[in-house]
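Read through the structure below, which is laid out as structure tokens, and then see the notes.
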Amino acid sequence: MGMSYHCKKVDVNWAGMRLLVTFGMLMTAAWGQTIQVHGHRGARAMRPENTLPAFEYAIAQGVDALELDMAVTKDGVIVVSHDPELRAPVCTGPRDKVAIHSLTLAEVRQWDCGAQRNPLFATQQTVPGTKMPTLDEVFALAPKGKFLFNIETKSFLQRPEVSPPPVEFARLVLAAIRKHHLESRVVLQSFDFRTLHEMKKLAPEIRLSALYSGAPRDFVEIAKEAGGQIVSPDYRLVTPEQVKAAHAAGLQVLPWTANKPEDWAKLKAAGVDGIISDDPAGLIAWLKK
């Protein structure tokens, strides 16, 4: 992973022998650091967030992982959405705002999630007529590459009405993972550690990532609380000392959501294992330099 996000096979003739090497591995070995590139909500700086066009764009750029969010419809279908509600500018439809968990999949499909450009991203291209994808549809992209799926349960302790109970959520996610045989390619992340604990009981082989924002806290303690192998903090909380301590504890550090070269440089200098970015193509280009 890391610098191998843009791996290319090349033939090298050496002493009359034909040697096949991986270009990305050479760059990793030379630079001594691998950094995974995770496309945040696919690539929302360039395409409508959490949509198939965004994920397909990110795959074409060579990301190491697709980062995405999950909600569950009234009829028990996992769909890909950061917010528990449908509302503009992300999705536009028959109402101003409505909870996804109160609608069937057919009702969710009445909304257009590609018609309006997010005003936060001047470079985002609209794709009118884009429907909210199901997790099944996103997992069906797996044959397009070797990338990971970094998937988040949008579950809220104070808002139990907008998602299924943690154990049910974990079971639904695991069923989808196993249906597509993606156990080795999925990372489950969440701010709601209850869903991570439930997944650990159901399938300890699934890698878990503890999302965190708020006041500075010890990364190792956050991961222990979540039962995960990865800690995923707000990028502004990352320090070299925190990363070093996490690595000493056998953990990976995967901050979110850094979009500027000056921030990428600080994170790289701190020794992080990956970076979640709205602009994965820009991050990949920066790392190649």
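The values are calculated or read from the model by the stated rules, or taken from the named source; none is laboratory data. On a predicted model such as this, the values are computed, not experimentally measured, just so you know. Note: ideal-geometry Cβ built from the backbone for every residue, glycine included; neighbour counts use all protein chains shown.
Go through segment 188-233 and give me each residue that's more than 21 Å from H247 (Cα to Cα) and among the hydroxyl-bearing types (S, T, Y).
If the condition is that a residue be more than 21 Å from H247 (Cα to Cα) and among the hydroxyl-bearing types (S, T, Y), then T195 is the only one that fits.
Suppose we keep only residues that are in a helix (DSSP H, G or I) and among the small types (G, A, S) within segment 221-269. Which one would you say is nearest to T34 (Cα to Cα)?
Among those residues, the one meeting the criterion is A269.
Here are some residues: L254, L237. Which one is of a type outside the set (S, T, Y) and either outside the structural domain of G39 (by TED's automatic domain parsing) or closer than 24 Å to N50 by Cα (or both)?
So the residue among L254, L237 that is of a type outside the set (S, T, Y) and either outside the structural domain of G39 (by TED's automatic domain parsing) or closer than 24 Å to N50 by Cα (or both) is L254.
In segment 89-136, what residues are among the basic types (K, R) and either touching a strand residue (DSSP E or B) at 6+ places or on another chain (Cβ under 8 Å) or closer than 25 Å to P166 by Cβ (or both)?
Within segment 89-136, R95, K97, K131 qualify.
Suppose we filter segment 154-176 for residues that are in contact with a helix residue (DSSP H, G or I) (Cβ under 6 Å, 6 or more places away or on another chain) and closer than 17 Å to E137 by Cα; how many remain?
Result for segment 154-176: 2.
Could you count how many residues in segment 199-219 are surrounded by 17 or more Cβ atoms within 10 Å (Cβ to Cβ) and either of a type outside the set (A, V, I, L, M, F, W, C) or outside any loop (DSSP other than H, G, I, E, B) (or both)?
9
Mind listing just one residue for me: the one in segment 164-198 that is among the β-branched types (V, I, T) and in a helix (DSSP H, G or I) and, of those, nearest to V72 (Cα to Cα)?
For segment 164-198, the residue satisfying everything is V173.
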